[in-house]
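Chemist: Structure below; questions to follow.
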Amino acid sequence: MKAALLGSAALAALVCLTAQSAFAAEAAATADAAAASSVEELVVYGQGETRQTQTIKTEEIQHAVPGVSPIKIVEKLPGVNYQAADAFGAYEWSTRISIRGFNQNQLGFTLDGVPLGDMSYGAFNGLHISRAIASEDIGTVELAQGTGALDIASTSNLGGALKFVSRDPSHEMGGLLSATAGSDAMHRLFARFDTGELPTGTRAYLSLADQKTDKWKGQGEQKQRQVDFKFVQPLGAATLTGFYDWSHRRENDYQDLSLGMIQRLGYDWDNLTGQWSKAVAVANTYLANPNGDCTTNAYPSPIKCVDDAYYDASGLRNDALWGLTLNAPVGEHLQTKVTVYGHRNKGEGTWFTPYVPSPNYGVAGATTDNAPISVRTTEYTIHRTGAVVDATYTLGDHAIGFGGWVERNDFNQARRFYALNLAAPQRSSLEFMRNAFATQWAYAFNTKTTQGYVQDTWTVNDAFKINAGFKAVKVAISSETQVGAPVINGEITSRDGFLPQAGATYRFNDSNEVFAGYAENMRAFGAAHTGLSPFATTQAGFDAIKGKLKPETSKTFEAGWRFKGDGFQGVAAAYYVKFDNRLIGTSAGAGIVGNPTILANAGSVTAKGFETAATWNLADDWSLFGSYAYNQSTYDDDIKDPTTGAVTQHISGKQTVDTPKHLVQAELSYSHGGWFAKLAAHYTSERFYTYTNDQKVPSTTIADLSAGYTFDEPGWAKGLEVQVNVTNLFDKAYVSTIGSNGFGYSGDSQTLLAGAPRQAFVTVRKSF
């Protein structure tokens with residue numbers, strides 16, 4: 001009831017905002033341009049762009065909870081469905097974003113032009129943005145809901161694209177010190193020093209961040225350390241920019257839930273960490289009768305099934321990312337930009353599994369390696385290097401852009417098991433495991449990516465602009481078995497030599513412009529033995545599909561109106577997307593078992609919708625932001641047996657999983673003198689987590705509050721700021737992430753994560 005009331009309130013606020021904005025737009029069509037631009041642009045609505053796009057500026061990012069994932073920042077923008085099981089969006093197993101019905105692994109992400117892959121958990125071709133850079137060092141975030149520009153270095157952006165841009169070093173010597181403390185023993189320390197402009201013209205900064213928090217339920221920690229370095233060096237008319245970002249993350253997992261478990265055990269149910277004897281009893285009960293079900297085996301109360309709770313689980317990641325960019329003019333008409341980059345990663349995901357006992361379990365007289373539990377890992381290493389080249393040649397009213405991207409990525413992945421002692425577990429889940437007693441499988445994947453594009457932007461006159469172009473993509477993947485079975489050796493290539501884009505924008509006056517665009521895109525196959533990858537099967541399965549499987553493709557049409565007036569601005573857009581060769585994957589058994597993924601081509605998906613967003617200055621000290629998105633995304637075809645053509649699953653006409661029809665965001669902001677405050681509410685309608693739509697999680701509304709004061713008086717306090725953030729203000733119990741262990745055709749499954757309860761954090765920062 002509370003969620004419905006809050007959702008209705010947020011929707012009413014947005015409808016009021018949109019209606020008044022439209023009325024004001026008509027009344028102010030001839031208003032003075034200077035007055036029209038008086039809105040504080042914390043969200044930039046992409047004026048002059050031929051696609052739906054918005055940019056969030058530095059000030060907006062800085063007033064979020066320090067350490068928050070930049071992905072959470074963009075949830076306010078229309079069409080964005082963001083979910084996470086922690087207050088920061090940093091817990092990667094749970095953090096999800098979808099846009100217009102496209103999941104995270106169908107979107108594109110870059111940092112300063114460097115590709116971040118699809119940012120999925122256990123990503124084979126990149127890393128999560130929260131590991132790539134500290135939130136305090138981000139300058140802007142740009143979202144293109146429909147499709148990324150031709151020059152984005154991504155082979156996964158079927159839908160939208162997010163471009164993260166780091167802040168530049170200051171021209172003045174100075175820095176920032178920040179300390180945050182709050183709920184669940186959370187603390188974060190951040191320090192940055194800017195050199196200012198040196199005699200050589202060089203500017204640089206070095207920052208360090210250390211964050212640690214207890215889990216909000218159960219036992220365990222989530223912690224991260226980061227170092228960021230960036231420099232800017234003028235070289236005559238050219239500019240050389242470089243960065244190096246280092247990150248170590250250690251995080252204990254939350255227990256995946258099902259709706260049945262939530263009803264039986266509650267939202268606060270978690271792993272058995274710290275309860276070793278109970279975990280041993282659960283494992284012994286299961287191993288004594290592994291074919292028993294939840295009614296046959298008698299587990300320690302209140303546990304009914306072996307998968308209700310595991311002893312522990314975690315994710316560990318070490319990353320080093322660097323990039324070097326040269327911006328240089330060549331003659332009078334040609335501007336070039338060249339970026340070279342590299343990324344190294346070592347990662348490990350652990351589960352303390354009762355399905356595989358340690359090797360001395362049941363051996364008479366054994367005192368070590370004899371527990372009925374072992375540690376199951378999925379281990380990763382990434383070594384990738386690449387280059388991105390962009391150039392623009394100006395010829396009269398035409399700006400001809402062209403460029404390309406190449407990358408070589410060596411990705412190793414393995415599944416191993418490590419022994420535990422019965423008396424007590426001698427291994428920490430927050431340390432990389434050593435001395436495996438078994439390797440189930442290990443693979444080496446090599447991915448070579450080549451992408452090129454050309455486009456022309458024609459400024460017909462001051463009001464009318466057209467752009468058109470295309471890109472060509474080839475991604476070749478080879479796999480080599482190193483250890484174990486199933487053996488999968490082979491190659492598969494995703495390619496398309498002509499992926500066109502075209503768009504236009506027309507500006508009627510300083511207050512109104514319209515835009516329209518069309519784009520085609522392709523998502524390359526994944527190179528991993530897990531997830532939606534052609535390699536996540538057996539050798540026979542791979543051989544059977546490699547010649548028939550087609551990459552996912554999309555065709556996007558969108559059109560919209562940007563409006564601006566005296567104290568307000570906004571955008572309204574509509575879209576139609578045809579998504580072909582939609583791959584869906586299922587696997588039998590609990591996620592911890594790691595059974596092979598069963599891939600199916602779901603045919604096409606049709607998505608159509610409407611979205612709007614606006615900012616309105618109510619008074620000198622007050623502003624209102626609102627966004628609304630409607631999305632109707634459905635499967636067009638049933639699942640058929642590839643051999644016989646018989647229908648095996650009826651999903652035609654069903655709503656796509658994890659795709660809410662309605663998303664509403666409303667924010668009321670206050671700023672006067674040094675005081676600032678913001679109340680935000682985000683409504684998400686119901687979401688399905690089965691392809692047949694027989695299982696869903698209800699709608700929910702979550703509110704966040706932030707407030708603070710910035711000292712501007714001369715003296716030692718100048719630059720001092722105190723900020724309070726309260727997340728989930730009304731302490732709503734709700735399901736956040738769905739699909740943590742994938743999606744099934746029907747029936748309840750352990751693939752949900754509960755959202756964090758109300759938490760509060762206080763930050764004191766001092767700039768100098």
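Chemist: Go through segment 412-462 and give me each residue that's under 30 Å from G365 (Cα atoms) and in a strand (DSSP E or B).
Modeler: Correct list: R415, R416, F417, Y418, A438, T439, Q440.
Chemist: Kindly indicate the residue of segment 625-660 that is touching a Gly at 6+ places or on another chain (Cβ under 6 Å), in contact (Cβ under 8 Å) with a residue 40 or more places away in the chain and more than 14 Å from T606 (Cβ to Cβ) and also surrounded by the fewest Cβ atoms within 10 Å (Cβ to Cβ) among those meeting that condition.
Modeler: D658
Chemist: May I ask you to say which residue of Y310, Y299, Y341, Y355 is surrounded by 16 or more Cβ atoms within 10 Å (Cβ to Cβ) and closer than 28 Å to I129 by Cβ?
Modeler: Y341
Chemist: Could I ask something else about it? If I ask for residues that are of a type in the set (S, T, Y) and out of contact with any strand residue (DSSP E or B) (no Cβ under 6 Å at 6 or more places or on another chain), which ones from segment 423-442 would you list?
Modeler: Scanning segment 423-442 gives a single hit, S428.
Chemist: With respect to A288, determine if the residue is among the small types (G, A, S), crowded, with 18+ Cβ neighbours inside 10 Å and over 28 Å from the mean Cα position of the chain (by Cα).
Modeler: It is false that A288 is among the small types (G, A, S), crowded, with 18+ Cβ neighbours inside 10 Å and over 28 Å from the mean Cα position of the chain (by Cα).
Chemist: Out of (1) of a type in the set (G, A, S); (2) more than 30 Å from L111 (Cβ to Cβ); (3) surrounded by fewer than 15 Cβ atoms within 10 Å (Cβ to Cβ), the odd one out for A387 is which?
Modeler: Going through the list (1) of a type in the set (G, A, S); (2) more than 30 Å from L111 (Cβ to Cβ); (3) surrounded by fewer than 15 Cβ atoms within 10 Å (Cβ to Cβ), A387 breaks only (2).
Chemist: Report those strands (runs of 3 or more DSSP E) wholly inside segment 679-768 carrying at least 3 residues which are more than 25 Å from K654 (Cα to Cα).
Modeler: Result: 700-710, 720-727, 759-767.
Rundown of residues vs (1) at pLDDT below 95; (2) among the aliphatic types (A, V, I, L, M); (3) touching a Phe, Trp or Tyr at 6+ places or on another chain (Cβ under 6 Å), yes/no style:
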site: W269; (1), (2), (3): no, no, no
site: V280; (1), (2), (3): no, yes, no
site: Y286; (1), (2), (3): no, no, no
site: A298; (1), (2), (3): yes, yes, no
site: D319; (1), (2), (3): no, no, no
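Chemist: Can you tell which of G547, G526, G531 is in a loop (DSSP other than H, G, I, E, B) and without any contact (Cβ under 8 Å) to a residue 40 or more places away in the chain?
Modeler: Exactly one residue qualifies, and that residue is G547.
Chemist: Residues to consider are T147, T140, T155, T110; find the one that is hydroxyl-bearing (S, T, Y), surrounded by 23 or more Cβ atoms within 10 Å (Cβ to Cβ) and part of a strand (DSSP E or B).
Modeler: On inspection, the qualifying residue turns out to be T110.
Chemist: Considering only residues that are closer than 15 Å to R203 by Cα and β-branched (V, I, T), which ones fall in segment 233-263?
Modeler: T239, T241
Chemist: Can you name the number of the only condition in (1) at pLDDT below 95; (2) touching a strand residue (DSSP E or B) at 6+ places or on another chain (Cβ under 6 Å) that Y709 fails?
Modeler: The one condition Y709 does not meet is (1).
Chemist: Being in a loop (DSSP other than H, G, I, E, B), under 28 Å from the mean Cα position of the chain (by Cα) and not aliphatic (A, V, I, L, M) is the filter here, so list the residues in segment 291-310 that pass it.
Modeler: Answer for segment 291-310, where residues must be in a loop (DSSP other than H, G, I, E, B), under 28 Å from the mean Cα position of the chain (by Cα) and not aliphatic (A, V, I, L, M): just Y310.
Chemist: Next question. Taking segment 318-354, which residues are in contact with a helix residue (DSSP H, G or I) (Cβ under 8 Å, 6 or more places away or on another chain) and farther than 30 Å from G266 by Cβ?
Modeler: Within segment 318-354, D319, L321 meet the criteria.
Chemist: Just to verify a result, which residue in segment 66-102, among those that are surrounded by 24 or more Cβ atoms within 10 Å (Cβ to Cβ), more than 23 Å from H662 (Cα to Cα) and of a type in the set (F, W, Y), is farthest from the chain's Cα centre (by Cα)?
Modeler: By that ranking, first place goes to F88.
The values are calculated or read from the model by the stated rules, or taken from the named source; none is laboratory data. Quick caveat, the model's predicted, so the values are computed rather than measured. Neighbour counts run over all protein chains shown; Cβ positions are idealised from the backbone, glycine included.
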